[in-house]
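Got a structure here, written out as structure tokens. Questions coming.
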Amino acid sequence: MMSHPVLPLVLFSALALLGNIVSAEEASPFPGTKSDYHGFVRYDFEVDGQHCLVVTPFVAAKGKPWVWRAEFFDHRPEIDLALVKRGFHLAYMNVGNTFGCPSAMKHFDEFYKVLTEKHGFSKKPVLEGLSRGGLYVYNWGAAHPDQVGVILGDNPVLDFKSWPGGKGKGPGSAGDWKQLIKDYGFKDEAEALAYDKNPVDNLAPLAKAKVPLLHICGDADEVVPYAENTVLLKVRYEKLGGKIHVIVKPGLKHHPHGLDDPTPAVDFIVKELGLE
């Protein structure tokens with residue numbers, strides 16, 4: 001029988017290709033620690049000296065969309081998990097309890113750069129602000145309106161005079177208010193109260209960029225009063241020509257957050273990003 005010198009070469013090439021595929025699957029896309037998160041793979045690592053994490057979907061959706069949670073990671077994660085199941089990555093950067101202050105936003109800039117430039121994430125993430133996380137996502141979003149796909153607020157703080165300042169109907173938080181004044185570099189409370197860049201005051205950049213907003217709110221919120229935050233923002237955003245949809249939970253307070261059935265939020269986000 002004649003030998004076939006080409007066959008070993010073909011076999012060798014096939015094995016080499018298989019080896020490359022296996023190596024690619026085993027290669028960690030992120031540095032740091034790999035663990036399980038509700039059945040998905042989670043990576044913990046550092047960016048700009050801050051603890052970060054990314055949860056990866058089984059199969060990434062086209063364009064690598066992602067939801068960027070600003071605070072209280074894993075609290076009421078139903079919407080996050082539903083989006084990950086739809087192919088979104090989930091990301092979080094811990095900048096401490098810093099109320100979306102300028103120094104925290106600089107860390108956010110670096111995280112965004114790493115995820116979009118090094119890992120190919122979409123240039124327009126979903127920004128998710130739960131409670132005080134609203135300050136983070138709206139401050140960063142207003143500074144980078146062309147780099148936002150959707151803003152999702154969950155009983156979000158939109159004016160720090162309301163919370164933690166307690167200058168409206170809510171009780172506020174004296175300790176957090178004192179810390180916020182320090183984190184923002186205000187010389188005193190009067191300077192903080194004169195600040196004109198709270199989310200409710202700084203909506204024009206987002207409206208001009210046509211960023212859609214989705215809020216989930218208990219209309220009896222006793223901590224972050226609904227009227228002083230989402231209602232005020234909605235009136236002002238719509239006056240600027242912006243689009244906002246509010247899912248109201250009648251009679252509910254600041255807790256519980258989220259939605260037992262995340263479908264309405266997921267459908268809104270997927271539609272607005274053109275991923276239907």
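With the condition being on the phi < 0 side of the Ramachandran plot, without any contact (Cβ under 8 Å) to a residue 40 or more places away in the chain and among the hydroxyl-bearing types (Ser, Thr, Tyr), I'd like the helices (runs of 4 or more DSSP H) fully within segment 178-276 carrying at least 1 qualifying residues.
232-239
I've got another one for you. Do we find that Ile151 is farther than 18 Å from Lys106 by Cβ, among the β-branched types (Val, Ile, Thr) and more than 21 Å from the chain's Cα centre (by Cα) in this structure?
No, not satisfied.
Then there is this: Hey, any hits in segment 50-60 for a residue that's of a type in the set (Gly, Ala, Ser), modelled with pLDDT of 95 or more and touching a Lys or Arg at 6+ places or on another chain (Cβ under 8 Å)?
Scanning segment 50-60 turns up no residue that is of a type in the set (Gly, Ala, Ser), modelled with pLDDT of 95 or more and touching a Lys or Arg at 6+ places or on another chain (Cβ under 8 Å).
Continuing with the same structure: Right, Glu228: more than 20 Å from the chain's Cα centre (by Cα) and within 26 Å of Gly63 (Cα to Cα) or not?
So Glu228 does not fit the description; no.
With the condition kept exactly as written, say whether any residue in segment 205-222 is within 30 Å of Lys64 (Cβ to Cβ) and surrounded by fewer than 16 Cβ atoms within 10 Å (Cβ to Cβ).
Yes, segment 205-222 contains at least one residue that is within 30 Å of Lys64 (Cβ to Cβ) and surrounded by fewer than 16 Cβ atoms within 10 Å (Cβ to Cβ).
The values are calculated or read from the model by the stated rules, or taken from the named source; none is laboratory data. Small disclaimer: the values here were computed from a predicted structure and weren't measured. Neighbour counts run over all protein chains shown; Cβ positions are idealised from the backbone, glycine included.
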